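Colleague: Provided herewith is a single structure, encoded as C-alpha cells, for subsequent inquiry.
The values are calculated or read from the model by the stated rules, or taken from the named source; none is laboratory data. Quick caveat, the model's predicted, so the values are computed rather than measured. In this analysis, Cβ positions are derived from the backbone assuming ideal geometry, glycine residues included, and neighbour counts consider all displayed protein chains.
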Amino acid sequence: MGAKDRNRQYVLDKAKQLFTERGVTGVSMTDVALFADFGVASVYRYFGGKNALVMECAVALWEDKLDRMRVLYDENFDKTGYEQLAFLTRNFTYTVVSDKNFTHFLFTLDAFLISEKITSEDRDKYDDIMLEIYSMFETAYKKGLSDGSVRNVGSFEDFYFAATQSLISLTQKLTMRGNIVSKDKSVDSKIELLINMFTDYVKNK
C-alpha cells in the first residue's frame, strides 16, 4: 500500500470514528479533516464529497459486522431452517444491533439517506451488503419450508424487514434512553422478547 492509500485509509478510519460517535449528520468534511489532521482539500480529493465518504464508511462498518455473521452462518449451516433463522435473528441482534455506537450510526445514516441524493454508484457496495444479509435469512427460510421446520409466512421479504427494522428501531430508542447493556452481557430483555416474538411466529409448531 502506497503513501496515498495509507493516508486515505487513515482518514477513512478517523471518519468512521467520528460518524459512530457523533452521527452522520453532525459531522462535516471539515470536522473529518481536523480530526484526522489533514487539509480539507485532501479529504475531498480522496473521497470526492461527504456522500461518498459516508457510504464508504457505512460499507466498511457493515463489512466488520458481516464478517462475523458469515462465520456464524457457516458454523450453523447443517442445522434446520428454523434453527438457522432463530440463530441468525439472535446473532443479528448481538453482532449488529447491540453495538450502541453502530446503532446510533445507523439511525443517523437513515436520516442522511433520506435527505441527501446518493448516487447509485455510491450505494452499490452498501446495497450488495444488505442483499447478502437478506439472502442468508431467505436461504434459511427456504430450507425451513423444505424441511418442515418453519411455516409459510407469505411474503418473507415483508417478514424479514419487519423483524430486522423493529429490532433496530427498538434498540435505537433504548440507546437514546441509555438502557442498552454492554456487549458482554445478555441482550436487553425488551429486545430478547422481540426476538422471541419473531422466531416463534415463523416456527412450524
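Colleague: Only residues that are part of a helix (DSSP H, G or I) and either modelled with pLDDT of 95 or more or surrounded by fewer than 15 Cβ atoms within 10 Å (Cβ to Cβ) (or both): list them for the range 62-78, please. Show your work before the answer.
Modeller: Here is the first cut: in the range 62-78, the residues part of a helix (DSSP H, G or I) are 62-75.
The answer is E63, D64, D67, R68, R70, V71, D74, E75.
Colleague: Quick one: would you say G49 is surrounded by 21 or more Cβ atoms within 10 Å (Cβ to Cβ) and either polar (S, T, N, Q) or over 18 Å from I129 (Cα atoms) (or both)?
Modeller: No.
Colleague: Here is a follow-up. Test V40 against the criterion of being in contact with a Ser or Thr (Cβ under 6 Å, 6 or more places away or on another chain), free of Cβ contacts under 8 Å to residues at least 40 places away in the same chain and over 22 Å from L106 (Cα atoms), and give yes or no.
Modeller: Considered against the rule, which asks whether it is in contact with a Ser or Thr (Cβ under 6 Å, 6 or more places away or on another chain), free of Cβ contacts under 8 Å to residues at least 40 places away in the same chain and over 22 Å from L106 (Cα atoms), V40 comes out as yes.
Colleague: Then there is this: Restricting the range 1-20 to residues that are small (G, A, S) and part of a helix (DSSP H, G or I), which is surrounded by the most Cβ atoms within 10 Å (Cβ to Cβ)?
Modeller: A15
Colleague: Oh, and also: Pull out all pairs, ordered by first then second residue, where Cβ-Cβ is under 8 Å, the residues are six or more apart or on different chains, the first lies in the range 54-79 and is more than 24 Å from L12 (Cβ to Cβ) and without any contact (Cβ under 8 Å) to a residue 60 or more places away in the chain, and the second is part of a helix (DSSP H, G or I) and of a type in the set (D, E, K, R).
Modeller: N76/E83
Colleague: Between a first residue in the range 192-205 that is under 17 Å from S155 (Cα atoms) and a second residue that is basic (K, R), which pairs have beta carbons less than 7 Å apart while being 6 or more apart in sequence or on different chains?
Modeller: Note: pairs meeting the criteria are V202/R151; N204/R151.
Colleague: Would you mention how many residues in the range 21-35 are surrounded by fewer than 20 Cβ atoms within 10 Å (Cβ to Cβ) and assigned to a helix (DSSP H, G or I)?
Modeller: 8
Colleague: What are the residue pairs meeting all of these: first residue in the range 80-93, first residue of a type in the set (F, W, Y), second residue part of a helix (DSSP H, G or I) and buried (at least 21 other Cβ atoms within 10 Å of the Cβ), Cβ atoms under 6 Å, and 6 or more apart or on different chains?
Modeller: Cβ pairs passing all conditions: Y82/G144.
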